[in-house]
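Accompanying notes for the structure given below.
The values are calculated or read from the model by the stated rules, or taken from the named source; none is laboratory data. Please read all numbers here as calculations on a predicted model, not as lab measurements. Cβ sites come from the backbone with ideal geometry, for glycine too, and all protein chains shown count toward neighbours.
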Amino acid sequence: MTLPDTRIAATAWIKSNVPPGSGVLIDQPDVSPAVPMTRAEADDLQRKNAALGSARARYYALMIDFHPGGGWRVFRLMRSAEDLSVPPNHLHRVEREGAFIDMRAGLAAARTAGISYVVTSSFGATPERSPELARLFKDLSTQGRVLVRFDPDGKTVVGPTLQIYLIDAAAQRRKTVVLDYGPRADDGGFSSASQ
């Protein structure tokens, strides 16, 4: 029997609560919710990879051919080769072929890129594991607003702790209802709250 995973719950929450086409920053795909990209983004990445002569161009071409519509503008968090325990030349190639953003200077780069939502993962970059991203985490704590948090309990729900932040200042001023589907240690289930 497979237990529910926080990444699946977060993916469902994003699909229900984040407007399609919004910019979303995630960490590595295996530690983050599966956020489908827009067809336009897949098209941009296909052209970029074709120009680089990368085999990934075919991957994006197939994604375009079978794209169901909708999606989000998905950006990936740049991390150091040391942090990811990968060879630097491999990381450089992957970053060149994808939609990565350097967040060492904090949230300003995300806002410039049109990112409104940031997803953090306890299995990904953290202030302790990724000290070069300390400014990003400081900015998230002072300028971002946690919309929802997904916590595993190790018994009924597995996966990383995920937090979805809203960093768009205009959207933060609007009254929103925040649904928190993360399990709680005190009740072992899911709860919702409004703000």
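Take the conditions (1) at pLDDT 95 or above; (2) among the hydroxyl-bearing types (Ser, Thr, Tyr); (3) surrounded by fewer than 17 Cβ atoms within 10 Å (Cβ to Cβ); TYR60 misses just one of them, which is (3).
Residue count for segment 75-90 under the criterion of being within 18 Å of the chain's Cα centre (by Cα) and in a helix (DSSP H, G or I): the result is 2. Per the listing ARG135, ARG173, the residue uniquely farther than 24 Å from ALA34 by Cβ and modelled with pLDDT of 95 or more is ARG135. Checking each residue in segment 115-132 for being farther than 29 Å from PRO20 by Cβ and either aliphatic (A, V, I, L, M) or crowded, with 17+ Cβ neighbours inside 10 Å (or both) picks out only SER130. Of all the listed residues (ARG135, ARG111, ARG96), the sole one being surrounded by fewer than 17 Cβ atoms within 10 Å (Cβ to Cβ) and either among the hydroxyl-bearing types (Ser, Thr, Tyr) or under 17 Å from the mean Cα position of the chain (by Cα) (or both) is ARG111. Screening LEU62 on (1) under 30 Å from ARG149 (Cβ atoms); (2) over 20 Å from the mean Cα position of the chain (by Cα); (3) of a type outside the set (S, T, N, Q) shows it passes everything except condition (1).
Please work out if PHE190 is of a type in the set (A, V, I, L, M, F, W, C), at pLDDT below 90 and in contact with a Gly (Cβ under 8 Å, 6 or more places away or on another chain). It is true that PHE190 is of a type in the set (A, V, I, L, M, F, W, C), at pLDDT below 90 and in contact with a Gly (Cβ under 8 Å, 6 or more places away or on another chain). Considering segment 65-74, and only residues there that are part of a loop (DSSP other than H, G, I, E, B) and within 19 Å of the chain's Cα centre (by Cα), the residue that is surrounded by the fewest Cβ atoms within 10 Å (Cβ to Cβ) turns out to be GLY70.
Yes/no matrix, rows are residues, columns are (1) touching a residue at least 60 places away in the same chain (Cβ under 8 Å); (2) touching a helix residue (DSSP H, G or I) at 6+ places or on another chain (Cβ under 8 Å):
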residue: PRO19; (1), (2): no, no
residue: SER22; (1), (2): yes, no
residue: HIS67; (1), (2): no, yes
residue: ARG73; (1), (2): no, yes
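Every test in (1) in contact with a strand residue (DSSP E or B) (Cβ under 9 Å, 6 or more places away or on another chain); (2) within 22 Å of LEU91 (Cβ to Cβ); (3) not in a loop (DSSP other than H, G, I, E, B) is passed by VAL35 save one, and that test is (3). Is it the case that LEU77 is surrounded by 16 or more Cβ atoms within 10 Å (Cβ to Cβ), among the aliphatic types (A, V, I, L, M) and modelled with pLDDT of 95 or more? When the stated conditions are applied, LEU77 passes them.
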